[in-house]
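A short worksheet on the structure shown next.
The values are calculated or read from the model by the stated rules, or taken from the named source; none is laboratory data. Since we're looking at a predicted model, the values are computed, not measured. When we count neighbours, we look across all protein chains shown, and the Cβ atoms used for this are built from the backbone with ideal geometry, even at glycine.
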Amino acid sequence: MPNLWDKKYKCPICGSTVISKRVFSEKLRIKRYESDLKPIYEGINPLLYSVVVCDSCRYSALESDFETPISPILLQDVRKVQDEIRNTESLNFSKERDHKTAIVAYALAVLFYEAKKQTCKVAEMYLRMGWLYRELNDEENENKALAKALSNFETCYLNTYIESDKEPMILFYLAELSRRFQKRDDATKWFSTLVSKYKNSTSFYVKAGKERWQELREK
């Protein structure tokens, strides 16, 4: 049985039919999580296929966001991005992806989420790019991507409205990425906020945050 299937989408910008690979849910196997909750998959990695890219106009977004209509107020900025990337290398995003192609897809998504003023999503894209660079053992680019993730998570948390179900994830990465970059005071502050604000939550991020916070305090 194949691991991937083709799903069709309609591009909200140019109206083209977009085909993007999806991983069969029964094929997903998580062996374990790393300290920053990066999942280690057994077999195919669905992170390679999380971003849908229109091969006609290059509009890119997470699968869950891709068909969402764009506000007319933001359309001009989105089209500006399309003009800027028109001459980029011609990769086919509808076929099976390697890490390089997936990273380009995330980089494109960053540009469009920036155009749509969605800083929290920009941060998530950089986080996942960092994870893919980690799988390539490219530490320099991993750290660059994760540093941009941290910067955007900070902007996101301080300047945008955050839904309560999303806040534990954002607080966790503010803390965990601060810890990674030796910003101990910031890490302590964010872990403390996460744990105290959501002490009764069953969130995966809160549970992991309690463990990391305890580790920090014991050092």
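Restricting the search to segment 1-49, which residues are part of a strand (DSSP E or B), closer than 30 Å to Phe204 by Cβ and of a type in the set (Asp, Glu)?
Taking segment 1-49 as the starting set, the residues that turn out to be part of a strand (DSSP E or B) are 4-10, 17-23, 30-33, 39-41.
After this cut, where a residue has to be closer than 30 Å to Phe204 by Cβ as well, the list is 4-5, 7, 9, 20-23, 30-33, 39-41.
Answer for segment 1-49, where residues must be part of a strand (DSSP E or B), closer than 30 Å to Phe204 by Cβ and of a type in the set (Asp, Glu): there is none.
Here are some conditions: (1) assigned to a helix (DSSP H, G or I); (2) within 21 Å of Lys10 (Cβ to Cβ). Phe93 meets all but one. Which one does it not meet?
(1)
When both residues are 6+ apart or on different chains and their Cβ atoms are under 7 Å apart, which pairs have a first residue that lies in segment 35-51 and is more than 22 Å from Arg180 (Cβ to Cβ) and hydrophobic (A, V, I, L, M, F, W, C), and a second that is assigned to a strand (DSSP E or B) and modelled with pLDDT under 95?
So the pair list comes out as Ile44/Val23.
Out of all the residues in segment 50-73, is one or more touching a strand residue (DSSP E or B) at 6+ places or on another chain (Cβ under 9 Å) and either over 19 Å from Val122 (Cα atoms) or in a helix (DSSP H, G or I) (or both)?
Our first condition is that a residue be touching a strand residue (DSSP E or B) at 6+ places or on another chain (Cβ under 9 Å); within segment 50-73, this holds for 50-56, 59-63, 65-68.
Remaining after also requiring either over 19 Å from Val122 (Cα atoms) or in a helix (DSSP H, G or I) (or both): 55-56.
Yes, that holds for at least one residue.
Looking at segment 56-72 only, could you name the residues that are of a type in the set (D, E, K, R) and either surrounded by 18 or more Cβ atoms within 10 Å (Cβ to Cβ) or under 13 Å from the mean Cα position of the chain (by Cα) (or both)?
Within segment 56-72, Arg58, Glu63, Asp65 meet the criteria.
Does Ala175 count as within 15 Å of the chain's Cα centre (by Cα) and either closer than 29 Å to Ile44 by Cα or crowded, with 18+ Cβ neighbours inside 10 Å (or both)?
Taking the combined requirement at face value, the residue does not satisfy it.
Can you tell me which residue in segment 9-41 is farthest from the chain's Cα centre (by Cα), limited to those that are closer than 30 Å to Glu215 by Cα and acidic (Asp, Glu)? Let's see the steps before the verdict.
Filtering segment 9-41 down to residues closer than 30 Å to Glu215 by Cα leaves 29-41.
Then drop every residue that is not acidic (Asp, Glu), which leaves 34, 36.
Working: Glu34: 16, Asp36: 13 Å.
Restricting to residues being closer than 30 Å to Glu215 by Cα and acidic (Asp, Glu), the top hit is Glu34.
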